[in-house]
Amino acid sequence: MESSKTSGTVSLSMLARSEPATVAKFTGRTILILIGIAVILRIGQEILVPLALALLLTFALAPIVSFLRKRSVPKIVAVLFAVISAFSAIALFSFLVATQVANLAENIPTYQRNIVEKVQALSQAGSGNGVLEHLSRVVERVGSEMQTSAAVSQEAPSPTAREPLPVEIVTRSNPIQTLGNFILPLISPFATAGLVVILVIFMLLEREDLRDRFIRLVGQGDLHRTTAALQDAGKRVGKYLLMQLVVNTLYAVPIALGLWILGIPNAMLWGLLTLVLRFVPYIGPVIGMVLPLFLALAIAPGWSLVLWVIALFATIEIISNNVIEPWLYGSHTGLSPLAIIISAIFWSWLWGPLGLILSTPLTVCLVVLGRHVPQFGFLDVLLGNEAVLEPHEKLYQRLLAGDPSEATDNAEDYLEDEYLSEYYEKVGLPALMLGEVDRQRGVMTEEQIALFASSCRSLVDNLSDIAEEEENEDSDIEDTDQDISLELPDGQGRSVLCAGGRGEMDDAAAAMLAQVLEVQGAMVRTASYADLVARAFVPVALDDIETVIISYLNGNSKSHARLLVRRIKRLKPTVRVGLLVPPANGRDNALIEPSAIDADFVCQTLSETVVGALTIAPPTALKVPVRKVTRPRLKLASVASSYP
């Protein structure tokens, strides 16, 4: 928070209820369209998966191609360099993983004894626990079966043994069939990889042409929105993939080194798998930790190695989440955490493990689509991480629900960066205006109005501690030699009465204004709208008051305001009387002229009202209407005097 208190004049559109964004209605037709798209994605998996892979790789490699093109590298050379480099890295990664997996498979039988011993130790420690005993019997059975099969395979067949000979019917096949049985299973993955390579090359070469054709096909008549959608999608997906790769690499390298130092076999394999699995949100790092943890359980007789592996992964995860990712990520993906989990489940159901890895970038594309295409606006609302309610709308909803506690929590979060006057200016009064609009529409019952106003007063009371802190902060600032200009005047020595005009919501607005005036150092009293009606109360309340401010959320209150202003000035002619009449629905209320109601000032913003209340100026004199006729009783008196 800055040291100086600023409130400033806020534009009328910020004080009013913002127009809701255009979002497509989630109708039955929309649901049928989504179901049809899901069916197409499932049926066309063999075609759409390579296309999705190629599209995402194009997004990831496009910045590299653009970087080379800016340095006068020919386009075809830049594209081939980027593609060859990317797929060479993928091929090297696959080769290393395959080698490490083969090495691990050879050493698995040597780990079984430690696993059996540890399970037996657990069974003995938890005797009587049926789960542990059952697990122990299963592991022992598996170990004995593996040992029996190994012993049988090593024994030489006895020439004297007369055991039945197994008979196997062998169908003779020609070399072409044998070659086909060997090659056909390899065709599909290699064909998919080759198709992805070709698609990436041509997408990078024809990137500008594809962009123009897409704009022509989709965005005709709205080039601005289509261009913004393409730029947003390219920036978000490309940056996400690149930064995620960097983050995963910085995560996997220390994991591999740490596992190697701890003596975990095939440490490179676990580091490479961790690099890939971290593309899967939330559950990927857990899966990457389970396999090395299981291996640590198998190779060491004790439990210390298992604990060291857990500590290694936990430490690197904390550093990555709190240091590396905030440092490298310039922007987030725009997805909510729940949306990331749901998208991972959905895409893995559609396309299996590959869909699980691609779930986040594909969902980012859907969010961008919903952000820029009105027909799919519900996607941004359902999957995005941006707030769907403005702060004043959220406050109104919480107060209407009778939950001042959550409203206070939100206010305290807001006040970490702003001052109380700004909060009431930008959030508090606009929320009250939403309630006043709904009251005038007749959609709020008397019970709801009372609950809303009571919750609002509770919110103001809950923020009294923050108000005291700001008031003391001002005192500390005044004691220093710093030259700080405050837009709101000092209220020391000033006395103000704040009252509602026509209802309980007006009283809540007066309470907000009174708290801001107290922060400025003024002596403030509050009164209810009902108190102004009682003649016996007003003279007492005005004894030492210099300024009276009446709050009206209903702008059509000119006659009522004139009545109260004139009544107060008749009771105490030396008092200054002002009005606070905020705007509604983004439109200015017909501003009441102060001279028309004998008021000293009429303001639409809270900051202007504070300035008017704390300004030292002579009060406006009450205008006495000139009567054009004499009193009838005087005429009767003159007539009576003519008689003898």
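What the table shows:
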read-out: Leading residue by the ranking (nearest to residue 497 (Cα to Cα)) among those in segment 546-584 that are under 44 Å from the mean Cα position of the chain (by Cα) and assigned to a helix (DSSP H, G or I); value: 561
read-out: Any pair with Cβ under 6 angstrom, 6 or more apart, that starts in segment 395-421 at a residue that is closer than 11 Å to residue 456 by Cα and ends at one that is among the acidic types (Asp, Glu) and part of a helix (DSSP H, G or I); value: 398/406
read-out: Residues within segment 411-432 that are under 21 Å from the mean Cα position of the chain (by Cα) and under 22 Å from residue 605 (Cβ atoms), tallied; value: 8
read-out: Meets criteria (closer than 22 Å to residue 551 by Cβ and free of Cβ contacts under 8 Å to residues at least 40 places away in the same chain) for residue 446; value: yes
read-out: Residue check, residue 493 among the small types (Gly, Ala, Ser) and over 16 Å from residue 582 (Cβ atoms); value: yes
read-out: Every pair of residues 6+ apart whose Cβ atoms lie under 7 Å, when the first sits in segment 541-554 and is surrounded by fewer than 24 Cβ atoms within 10 Å (Cβ to Cβ) while the second is acidic (Asp, Glu) and in a strand (DSSP E or B); value: none
read-out: Any chance residue 194 is exposed (fewer than 14 other Cβ atoms within 10 Å of the Cβ), modelled with pLDDT of 75 or more and small (Gly, Ala, Ser); value: yes
read-out: Qualifying positions in segment 304-316 - without any contact (Cβ under 8 Å) to a residue 60 or more places away in the chain and either touching a Pro at 6+ places or on another chain (Cβ under 6 Å) or surrounded by fewer than 17 Cβ atoms within 10 Å (Cβ to Cβ) (or both); value: 304, 307, 309, 310, 311, 314, 315
read-out: The listed residue being outside any helix (DSSP H, G or I) and either over 30 Å from residue 346 (Cα atoms) or in contact with a Ser or Thr (Cβ under 7 Å, 6 or more places away or on another chain) (or both), out of 73, 65; value: 73
read-out: Any chance residue 350 is touching a Lys or Arg at 6+ places or on another chain (Cβ under 7 Å), assigned to a helix (DSSP H, G or I) and either closer than 20 Å to residue 243 by Cβ or at pLDDT 80 or above (or both); value: yes
read-out: Meets criteria (part of a helix (DSSP H, G or I) and at pLDDT below 70) for residue 13; value: yes
read-out: Scan of segment 432-467 for residues that are under 19 Å from residue 408 (Cα atoms) and not in a helix (DSSP H, G or I), ordered by number; value: 463
read-out: Qualifying residue in segment 602-618 (condition: in a strand (DSSP E or B) and either modelled with pLDDT of 85 or more or within 47 Å of the chain's Cα centre (by Cα) (or both)); value: yes
read-out: Selected residue (only one of 387, 339 is modelled with pLDDT under 85, assigned to a helix (DSSP H, G or I) and touching a helix residue (DSSP H, G or I) at 6+ places or on another chain (Cβ under 9 Å)); value: 339
read-out: Candidate set: segment 254-282, residues that are of a type in the set (Val, Ile, Thr) and within 20 Å of residue 101 (Cβ to Cβ); chosen: the one surrounded by the fewest Cβ atoms within 10 Å (Cβ to Cβ); value: 276
read-out: Test: residue in segment 468-481 that is of a type outside the set (Asp, Glu), in contact with a helix residue (DSSP H, G or I) (Cβ under 7 Å, 6 or more places away or on another chain) and assigned to a helix (DSSP H, G or I); value: no
read-out: Matching residues, segment 34-58, being among the β-branched types (Val, Ile, Thr), within 29 Å of the chain's Cα centre (by Cα) and surrounded by 13 or more Cβ atoms within 10 Å (Cβ to Cβ); value: 58
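Conditions (1) touching a helix residue (DSSP H, G or I) at 6+ places or on another chain (Cβ under 9 Å); (2) at pLDDT 85 or above, marked per residue:
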{"site": "37", "(1), (2)": "no, no"}
{"site": "45", "(1), (2)": "yes, no"}
{"site": "51", "(1), (2)": "yes, yes"}
{"site": "56", "(1), (2)": "yes, no"}
{"site": "68", "(1), (2)": "yes, yes"}
{"site": "88", "(1), (2)": "no, yes"}
{"site": "94", "(1), (2)": "no, no"}
{"site": "98", "(1), (2)": "no, no"}
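The values are calculated or read from the model by the stated rules, or taken from the named source; none is laboratory data. Quick caveat: nothing in here was measured; it's all calculated off a predicted structure. Every residue, glycine among them, receives a Cβ derived from its backbone with ideal geometry; neighbour counts consider all protein chains shown.
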